[in-house]
């Protein structure tokens with residue numbers, strides 16, 4: 001857009017200084033219509049202008065043709081004008097004009113002839129007039145100078161007006177009959193040697209529109225090909241701003257090749273535009289605001305063009321709308337997948353390493369300085385009771401002593417032992433039941449020697465253990481017990497269903513055994529003896 005502004009300023013400079021612009025003027029005409037190329041903008045001080053059409057470095061047209069040759073080709077050369085009476089595809093191309101005196105400066109034109117099906121010329125040959133009110137609107141075809149005045153043997157008829165998309169309605173004097181704003185087509189007819197030739201253009205008649213409390217996209221000068229992200233259903237205003245030479249210039253909005261309506265009724269059109277001219281400094285600006293009251297799906301990926309039309313210059317930019325992307329579903333999906341994967345890994349890790357995790361947390365956070373242990377009324381962490389193994393797979397006396405010493409001395413568990421903590425003279429069953437009641441858990445250890453109090457006591461108290469739902473931990477040696485009958489074996493099988501099992505594989509492979517045993521036991525009530533240190537509470 002900055003480049004376009006520079007071109008406009010240079011063009012204005014050329015107009016006031018008389019120097020011919022280098023950039024070719026682009027002219028568009030419908031096939032079969034009359035079109036005029038005007039070299040007068042160069043202010044050549046010459047009565048004869050040399051016109052040429054360039055094609056493969058060959059000159060195809062000369063302005064010094066005879067009148068009969070001009071009529072045969074459908075051309076008129078008059079002063080600084082070249083008139084093509086009936087434009088065809090053969091007339092399309094690049095033209096240049098220069099004084100016949102041999103001046104170096106030239107002015108160039110690029111002529112495009114549109115087919116009847118094409119809307120390109122309608123788009124290019126659309127002009128705008130802002131009226132104070134409908135009643136004071138005075139549209140005129142004469143300002144466009146479609147053909148030079150005073151050409152010999154040519155007669156001009158009064159222009160005819162037709163409202164676009166309204167059939168069988170012709171206005172001879174639109175300024176007197178105008179009842180509503182909109183897009184009108186002006187048709188000029190000319191008689192030349194018995195033949196009538198026509199030229200036409202579109203005129204957009206509008207009144208100023210006030211746009212208030214609208215959401216503006218903030219980019220006042222759209223770039224050609226720019227894509228604006230918008231939300232469906234939102235109100236959007238896109239402002240097109242241009243540097244102009246006069247407030248008589250036009251700044252219009254098109255949807256594809258159809259003109260966007262402009263209105264003074266803010267409830268009539270969903271999409272419309274309004275423009276204003278700022279003539280407060282040496283550089284004039286014009287602003288055309290394209291308003292979407294509500295953006296719909298049909299507006300997306302549609303070309304909207306802002307066109308600047310001046311006396312000798314035409315420029316436009318094209319933009320499109322795109323639906324604004326909300327929170328990325330891909331990112332949301334990836335975050336969800338990551339969370340699920342993290343949870344799965346956490347669960348799998350905990351299931352696989354739950355013993356290590358539990359013991360780590362217990363050892364790390366189980367004791368907090370001098371804070372006392374919250375008592376549950378139990379005197380012992382566990383009651384360790386041996387029973388006679390019916391298969392050659394029990395622990396010997398040294399293993400049992402190693403088991404007791406490790407639990408008490410290394411890990412700090414308080415154990416109730418029958419041969420140490422039961423007072424002499426008590427009934428065996430009563431003494432064992434008292435130990436069980438004062439303990440958090442019962443550890444049952446298979447023994448090779450005949451233990452105390454023995455299998456008979458265990459058989460007698462199994463009903464009490466089941467009823468109280470005492471936490472039972474069975475230590476086994478990994479060897480199947482012999483299938484024997486009897487009340488003890490039945491009691492053992494019943495208790496094994498209610499408790500946890502830990503496999504003893506000897507002292508040399510006891511690391512995993514101690515982890516499992518400590519996992520099934522609750523945290524000890526006292527600090528292990530091997531970890532006792534003086535503390536000030």
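Selection of the stretch 376-408 for residues being touching a helix residue (DSSP H, G or I) at 6+ places or on another chain (Cβ under 9 Å), at pLDDT below 85, surrounded by fewer than 21 Cβ atoms within 10 Å (Cβ to Cβ) and closer than 18 Å to residue 503 by Cβ yields only 390.
Could you please find all residues in the stretch 63-76 being part of a loop (DSSP other than H, G, I, E, B) and either at pLDDT 70 or above or within 19 Å of residue 34 (Cα to Cα) (or both)? If the condition is that a residue be part of a loop (DSSP other than H, G, I, E, B) and either at pLDDT 70 or above or within 19 Å of residue 34 (Cα to Cα) (or both), then 63, 65, 66, 74 are the ones that fit.
In the stretch 431-458, the qualifying residues are those that are out of contact with any strand residue (DSSP E or B) (no Cβ under 8 Å at 6 or more places or on another chain) and modelled with pLDDT of 80 or more, and the one that is surrounded by the fewest Cβ atoms within 10 Å (Cβ to Cβ) is 437. Looking across the stretch 409-428 at every residue that is in a helix (DSSP H, G or I) and surrounded by 15 or more Cβ atoms within 10 Å (Cβ to Cβ), the one that is modelled with the lowest pLDDT is identified as 428.
Only residues that are surrounded by 12 or more Cβ atoms within 10 Å (Cβ to Cβ) and over 56 Å from the mean Cα position of the chain (by Cα): list them for the stretch 167-195, please. Result: 190, 191, 192. Annotation for the stretch 485-496: at least one member residue is in contact with a strand residue (DSSP E or B) (Cβ under 9 Å, 6 or more places away or on another chain) and either modelled with pLDDT under 65 or not in a helix (DSSP H, G or I) (or both). If only residues of the stretch 149-166 that are assigned to a loop (DSSP other than H, G, I, E, B) and under 46 Å from the mean Cα position of the chain (by Cα) are counted, the one that is surrounded by the most Cβ atoms within 10 Å (Cβ to Cβ) is 164.
The values are calculated or read from the model by the stated rules, or taken from the named source; none is laboratory data. Just so you know, these numbers come straight off a predicted model, no measurement behind them. Methodologically, a virtual Cβ is constructed for each residue, glycine included, from the backbone with ideal geometry; neighbour enumeration extends over all protein chains shown.
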